[in-house]
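Report on the structure given below.
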Amino acid sequence: MSLFRSKPKTLKVRVMTMDAELEFCIDCTATGRQLFDLVCRTQGLRETWYFGLQYVDKKGYQAWLKMDKKVTEQNVSKENPLQFSFLAKFYPEEVSEELIQEITQHLFFLQVKQKVLRAEIYCSPEAAVLLAAYAIQAKYGDYDPMYHRVGFLAEEELLPQDVIEQYDMTQQMWEDKITSWYAQNEGMTRDEAEMEYLKFAQDLDMYGVNYFEITNDKKTPLQLGVDAFGLHVYEAENRFRPQISFPWSEIGDISYRDKKFTIKPIDKKSSDFSFISPKSRRNKLILDLCVGNHELFMLRRKTDSMEVQQMKTQAKEEKAKRQIERNKLARERQLRELAEKEKEDLQQQLQAFQEEALNAKDALMRSEEAADLLSEKARVAEEEARLLSQKASQAQQEIQRINMQVIQSEEEKRLMEQKLQEASEIARRIVEESEMRMIEAEDLKQQLIQARQSEMIAKEKLIEISIQGLPTIDTNQLLTNENDTEVEKLSKEIEKERIEYQEKSKNLQLQLNGLKSEIEELKVEEKQTNWDIIHNQLLQQGENKYATLQKTKAGTTQDRVTFFEEL
């Protein structure tokens, strides 16, 4: 048995991606490429050429893991587990055309968002609000005022701290501004919102640029910017607009010795472009970034490899399928909304029927009460008419008795005649009143008959309302669209989206200008950063990122070399 403990054959490695923490056990002899491929496979990532593994070396500097060397032979801090960050090392020239996989797009979105929030990429306040709205759409989906109530963004980090500090605005005021933009993104899926974020962010001046301190032969402090388009030279305090630019298409070779870098142009008649990098430890990183960006620049201008063509075809098919599925979901949502609306209408109709039935029932009760009252009045009238008839009969009998009496004297005859006249008058009035009572009784009988008829009608209507059923909703007919026409519809929708995007860009800029005007009066001038001041000055001069790049690339390579040496 050996007295010496054997060295472990595996290493523990922890890799932090933008949205996950991964841990692996790798062989001690594993190369950077093997570890990198393992991380990519775990995430299902195929567009590996944009990414790398970053670590902090033993002297505290950030470095990228070399692919062709063993992990243990590189200057990695001896931690357990070894710590790495999986990050985008190179950026595409045009995100919407080059980023193929959703996972690639998502990782870029998270990294660019982090850089914006940390102010590593400068973003104006109004643009920061717009980007925050896209980020919220990607996380929460469509805005719903019933769910997304006041304060739902309280725990979210959405704006750079410098932006928040330079305005006299409360957290709720910022949330209101972001929410008003967020509500306009209705219908965007997560990948669409992330792509809109990246499309806007790539036009920011500092997007995708790695900055390094350099000097020319005159020891003038300058900054070198390395990005997907080429090399750019900036003034020491201005990272927005380069003084000169050298596109990768004009660069033939890059090398360094000690602190001096030499760029050899393709044009043999032009002098070499040289600069001094004061921090020699950064030279390997500068060279690595230059070589990698140059290779990707040249690859973009060649025919896509079979792997890339396959990925793009697969991505298009998946996008078409998602669009078809999205259309189906939209139709189903529309059907649900239609069904809900019809259900609501039916409920309102049912409520109206119930109210009508209640009113009919009340009317029936009133009719029954009126009929009972009329019936009683008719009975009383009949009784009065009977009594009057009896009185009239008695009066007639009295007249006959009076007529039959023999009046012996003239006085008696006169008195009798007078009584006879009075009795006749009384009898006449009784007969007239009896006839009136008979007519009134007849009218009451007619009213009673009408009341009974109204009662029957009300009962019939109540029965009809109670047995009436609700109509059913036939959604099958609404779902009969054929899948045959889906692809044709999709192509038309894509062309429509392209036209709408051009119009949207114009409207977006107008809205950004409007937002800037709204918050301008709340700005605290003394809290503006130097970058804010430079950015505003450039805006007043009407300059933008791409126009400046074209201007700084104008002229011959020799002219630019000469200009650099004179800075």
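The values are calculated or read from the model by the stated rules, or taken from the named source; none is laboratory data. The structure displayed is predicted, hence computed values, not measured ones. Here the Cβ is made from the backbone with ideal geometry for all residues, glycine too, and neighbour counts use every protein chain on show. Calculation scope for accessible area: heavy atoms of the full protein, side chains included, ligands and nucleic acids excluded. Shrake-Rupley method; radii C 1.70, N 1.55, O 1.52, S 1.80 Å.
Summary value for the stretch 1-114: 30 percent relative contact order, contacts being C-alpha pairs under 8 angstrom separated by 6+ residues. Using the average count of surrounding beta-carbon atoms within 10 Å as a protection proxy, the listed peptides 210-219, 172-181, 331-340 rank, highest first, as 172-181, 210-219, 331-340.
Here the contact order of the stretch 60-175, divided by its residue count and restricted to Cα pairs under 8 Å and six or more residues apart, works out to 21 percent.
Could you compute the net charge surrounding S255? Neighbours are other residues with a C-beta less than 14 Å from the C-beta of S255; K and R count +1, D and E count -1. Display every interim value, and only then the final one.
Values: positive: R257, K259, K260, K264, K284; negative: D253, D258, D272, D288.
Every neighbour counted, the sum reads +1.
Sorting the segments 50-57, 346-353 by their residues' average number of neighbouring beta-carbon atoms within 10 angstrom, most packed first, yields 50-57, 346-353. For the stretch 206-290, what class follows from the C-alpha gyration tensor (a ≥ b ≥ c being the square roots of its eigenvalues): rounded when a/c is under 1.5, otherwise prolate if a/b is larger than b/c, else oblate? Judged from the Cα gyration tensor, the stretch 206-290 comes out rounded (a/c under 1.5). Other residues whose C-beta falls under 13 angstrom from the C-beta of L515 contribute a net charge of -2, scoring Lys and Arg +1 and Asp and Glu -1. Just add up the charged neighbours of E21: K/R +1, D/E -1, any other residue whose Cβ is under 14 Å from the Cβ of E21. The answer is 0. Annotation: peptides 354-367, 301-314, ranked by per-residue average of other Cβ atoms within 10 Å with the highest first, follow the order 354-367, 301-314. Using C-alpha pairs below 8 Å separated by at least 6 residues, the relative contact order for the stretch 204-267 is 20 percent. Computed from point charges on the beta carbon alone (+1 for Lys and Arg, -1 for Asp and Glu), the dipole magnitude for the stretch 115-198 about its Cα centre is near 60 Debye. Probing with 1.4 Å while keeping every protein chain in the model, the per residue accessible area of the stretch 1-111 equals 55 Å².
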